[in-house]
Amino acid sequence: MKVHFDSIGMRFGGVRVLDDINLSVNAGEFVCILGPSGCGKSTLLNIVGGFVTPTEGRVTIDGEPVTGPDPRRIFVFQERGVFPWLTVEENIGFGLFRQKDDEKRARIARYVQLVGLQGFERSYPRELSGGMKQRLEVARALAVDPDVLYLDEPFGALDSITRLQMRRELLRIWQAERKTILFVTHDIEESVQLADRVVVLSARPGRVRRVVDVNLAHPRDLSDPRYIALRDEIFGEIGLAHQI
Amino acid sequence: MLGLVLLAFWALAVVVSGTKIFPSPMDVVRGLLELARRKLLWAYMGDSLFRVACGYLAAVAIGIPVGLAMGWWSSLARAANPVIQMLRPISPLAWMPLAVIWFGVSNLAPIFLIFLASVFPIIVATMNGVRNVPPMYVQAGRNFGLSTRALITRVLFPAILPRILVGLRIAFGVAWLVLVAAEMIAVDSGLGYLIIDARNAGKRYDLVVGGMLLIGLLGLILDTLIRRAETLRAVRWAFHE
Ligand SMILES: Nc1ncnc2c1ncn2[C@@H]1O[C@H](COP(=O)(O)OP(=O)(O)O)[C@@H](O)[C@H]1O
Ligand SMILES: [Mg+2]
């Protein structure tokens, strides 16, 4: 067991945002946290990321309580998280200040390659498309070789075709690098396409309504009846959530 | 091009009106050449530039750290902002009498006024820059394990540099405006002094106009240099070309 949420609760002033979240994530697992907008998904991810302290409960990773952000676990935002004043290679090398120069150069080259940004090493983010910026941010995160990636609706700002390509890319990278991934989304299809397990949260205050195992091998066939059954099951679950 | 038209218009107007007081372009050039012969031209320009440089650089050295601190600690901004907002609308020229009391007849008086004029735009631009840094940049910096110091030098500073640059340019414009007025008191050299002295000592309007043109020209050159900084690699990302 890699990441463990132990009775996490969060309130902002009088507003309860998260209520008694219990969840365990295994090493190498891809878990999607799915819920309607405003249910506290980002708050939950910020809590595991060490950026926000929960008002109740705690998160442990490899048995150690989380007390702050840590380079072993990198948070990926929507594409706007890359530094616009750095080039592609400088962005990827941003977290590599502890490495020797040749090690740094080798890693930059490797991750430029992995996310398919060859030829754009000296480009600035403003010269890249939305999807390329997102790949750049993933590369910057991977370059420091973290065990865990946190992704908060990372493809939310992309058009639907790019979004599909990015999901495929992310799965390929996940399979190559074997990271533990916590992926927040409000998109049901996205969660069933990507995750080993989908954690369905209720509307605010967010509670774990259901954890759905997605026992489908990759690449997933989107017309497979089992895929459709799982998707519809979660639709039903969320539909109920909207009636509260 | 428009400059040439205006110049021709000026020369023509002087001839047509037959004025004895207002100088023609040639008078101005002759006046400036005479000044150059008396070795005053370069000395005056040098003195003016020196004063602006001192006051302005002091404003940069103080304004940027103060702005950084005020942007970073909102409690500090809450405490200091009312004072700054109250001092800011006071024209630096209103400080002249005080400057003379404090610094007497010396270079320090105009330098102080130039400092006052340029420090506030720099503080405000820096502070707003820090406040407008997207929180995710800072969050990402902390996530990668940067120390506070590295966070400031590698994330905060590059993120706000373009805004600081805009503030520096505005501040320079104000500093240059104040210079001339500041040199009309307390000192006996510089382009501002040239104008007031030429008028008082013998109504040399050729030198008055010459001084004005020099001030405009130098200001333009310096502003162009500052604008050139906007194309530097470190800030180019924020300015669309
Ligand atoms: N720092 C904060 N202060 C006060 N309220 C907040 C803060 N962060 C989030 N909230 C509130 O908590 C709720 C959940 O927000 P968020 O975690 O961003 O939801 P989601 O990511 O699921 O859309 C929202 O109602 C939001 O307004
Ligand atoms: Mg969110």
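The angle between the Cα long axis of helix B:108-131 and the main principal axis of chain B comes to about 40°, on a 0 to 90 degree scale.
Surface exposure of chain B, expressed per residue as accessible area with a 1.4 Å probe, stands at 53 Å². Note: the stretch B:137-199, Cα convex hull, 98 Å³ per residue. In the full protein context, the stretch A:22-152 carries 38 Å² of accessible surface per residue, based on a 1.4 Å probe and ignoring ligands, DNA and RNA.
Report, to the nearest whole %, how much of the accessible area of the protein assembly as shown belongs to carbon and sulfur atoms, 1.4 Å probe, protein only. Using a 1.4 Å probe with all protein chains present, the protein assembly as shown comes out at 61 percent carbon and sulfur.
Comparing A:14, A:57, A:130 in a Gaussian network model of chain A (Cα springs below 10 Å), the most mobile by mean-square fluctuation is A:14.
Give me the inter-chain shielding for A:89-100: mean count of other chain Cβ atoms within 10 Å, whole number please. Working shown, then result.
Working: counts 0, 0, 0, 0, 0, 6, 6, 1, 5, 2, 0, 0.
Counting Cβ atoms of other protein chains within 10 Å of each residue's Cβ and averaging gives 2.
Of all aspartates and glutamates in the structure, those lying under 20 Å Cα to Cα from residue B:203, and not within fewer than 8 positions of it along the same chain, are B:27, B:34, B:183, B:188. Taking a straight Cα-Cα cut-off under 16 Å and skipping sequence neighbours fewer than 8 places away in the same chain, the aspartates and glutamates within cross-link reach of residue B:20 are B:206. When chain A is treated as a Gaussian network with alpha carbon springs shorter than 10 Å, the biggest mean-square fluctuation among A:182, A:142, A:164 belongs to A:164.
Peptides A:114-123, B:174-183, A:144-153 ranked from most to least packed give B:174-183, A:144-153, A:114-123, packing being the mean of other C-beta atoms within 10 angstrom over each peptide's residues.
When the Kirkwood hydrodynamic radius is evaluated over all pairs of different C-alpha atoms of the stretch A:1-89, what value in angstrom, to one decimal, is obtained?
Details: mean 1/r = 0.0697 Å⁻¹.
For the stretch A:1-89, inverting the mean 1/r across all distinct Cα pairs yields 14.3 Å.
Using only the C-alpha atoms, the convex hull of chain A corresponds to 128 Å³ per residue.
Each helix, a run of at least 4 DSSP H residues, gives -39500 (n - 2.57); summed and divided by the residues of chain A, these come to -11000 deg cm²/dmol at 222 nm. For the protein assembly as shown, the Kirkwood hydrodynamic radius from C-alpha pairs, put into Stokes-Einstein at 37 °C and a viscosity of 0.692 mPa s, yields a diffusion coefficient of 121 µm² per second. For the stretch B:22-96, the set of trypsin sites (Lys or Arg not before Pro) satisfying both a DSSP loop assignment and a count of at most 16 other C-beta atoms within 10 Å is given as B:38, B:39.
The relative contact order of chain B comes to 25 percent, based on Cα pairs under 8 Å that sit 6 or more residues apart.
Converting the Cα gyration tensor eigenvalues of the stretch B:26-235 into ellipsoid dimensions via √(5λ) gives semi-axes, longest first, of 40, 19, 12 Å. Relative contact order of the stretch B:156-215, taken over Cα pairs closer than 8 Å and 6 or more residues apart, is 20 percent. Packing, as the average of other Cβ atoms within 10 Å across residues, places the peptides B:90-99, B:11-20, A:224-233, B:105-114 in the order B:105-114, B:90-99, A:224-233, B:11-20, highest first. Note on chain A: with a GNM built from Cα contacts shorter than 10 Å, the maximum mean-square fluctuation among A:181, A:161, A:61 falls on A:161. Remark: relative contact order (the stretch A:22-116) = 15 percent; criterion is Cα-Cα distance under 8 angstrom and separation of 6 or more residues. In the stretch B:197-241, the residues whose accessible area drops by at least 40 square angstrom when the other protein chains are added to the isolated chain are B:233, B:237; the probe is 1.4 Å and only protein heavy atoms count. In order along the stretch A:162-177, the phi-based Karplus estimate (6.51 cos²θ - 1.76 cosθ + 1.60, θ = phi - 60°) of 3J(HN,Hα) comes to 4, 4, 4, 4, 5, 4, 4, 4, 5, 5, 4, 5, 4, 5, 6, 9 Hz; Gly and Pro are listed as x. Need the C-alpha centroid separation for the stretch B:69-124 versus the stretch A:56-84, integer Å. Using only Cα atoms to place each centre, the spacing works out to 43 Å. The lysine pair count for chain A, using Cα distances under 27 Å and pairs eight or more places apart or on different chains, is 9.
Give the residue list of trypsin sites (Lys or Arg not before Pro) in the stretch B:126-208 that are DSSP loop and have at most 16 other beta-carbon atoms within 10 angstrom.
Numbers: sites: B:131, B:142, B:149, B:154, B:163, B:169, B:199, B:203, B:204; in loops: B:203, B:204.
The qualifying sites are B:203.
Using a 1.4 angstrom probe on protein heavy atoms only, the contact between A and B buries about 2200 square angstrom of accessible area, both sides summed.
The values are calculated or read from the model by the stated rules, or taken from the named source; none is laboratory data. Fair warning: this is a prediction, and the values are worked out from it, not measured in the lab. Reconstructed Cβ throughout: ideal geometry from the backbone, glycine too, with neighbour counts over all protein chains shown. Only protein heavy atoms, including side chains, enter the accessible area calculation; ligands, DNA and RNA are left aside. Shrake-Rupley method; radii C 1.70, N 1.55, O 1.52, S 1.80 Å.
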